[in-house]
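The next block holds one structure in the form of structure tokens; read it before the comments.
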Amino acid sequence: MMSSLKIRQLSSFANAIRLRAAHELTVRARPGMTLNVSQGRRKRLLLAHQGADYLISVLTESALPTGEADDGLVGLFEGAREALAGVYKKWRSEGTGEVGKSEVEASLEQLASLHDKLNTLCWLIREGEADQDRVVPGVFSSPDDLFAAMGV
């Protein structure tokens, strides 16, 4: 069973990604990107990847307590994922400036990969929730029988 500290780490990570993405969206684009800006982005993305990898391993190794895999936690990751999509669009529209096109493309690839890791985190949380669901025993000959057994 996962500790409450790990659950707080999950929500803090999702919030940090979402807030950083929101900051990126509000920063006014300058004509051309400097090498320092590009390197700063790549370093922040590397740290975010390391955090996502850690949390994926945490979710793979231990289940969330019953009731923790709710829409709130998944919603945080979905919000972070949507914010990253906005950053991707913004970065893609910016000029390359001092840095080469390959540097910009590398940053975009890292951003897309981080987006995929957030998808993985959402899936792992939902999968843990599905594992905790009560299985309705029996074989059902119609949808009405199934719904009746489920109490719907």
Fill in the blank from the handout: The number of residues in the range 21-57 that are open to solvent by less than 60 Å² (accessible area, probe 1.4 Å) and at pLDDT 90 or above is 10
Exercise for the section: Identify, by number, the condition in (1) modelled with pLDDT under 85; (2) open to solvent by 90 Å² or more (accessible area, probe 1.4 Å); (3) in a helix (DSSP H, G or I) that Glu98 doesn't meet. Expected result: (3)
Completion exercise
Residue count, the range 5-20, condition touching a residue at least 24 places away in the same chain (Cβ under 8 Å) and either of a type in the set (D, E, K, R) or farther than 16 Å from Leu114 by Cβ (or both), comes to 6
Practice task
Just give me the residues in the range 69-95 being crowded, with 18+ Cβ neighbours inside 10 Å and at pLDDT below 80, in sequence order.
Solution key: Ala69
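The values are calculated or read from the model by the stated rules, or taken from the named source; none is laboratory data. None of the values given here were measured: they were computed from a predicted structure. Using ideal geometry, Cβ is built from the backbone for each residue, glycine included, and neighbour counts are taken over all protein chains shown. The protein model used for the area step is the full one, side chains on, heavy atoms only, and it has no ligands, DNA or RNA in it. Shrake-Rupley method; radii C 1.70, N 1.55, O 1.52, S 1.80 Å.
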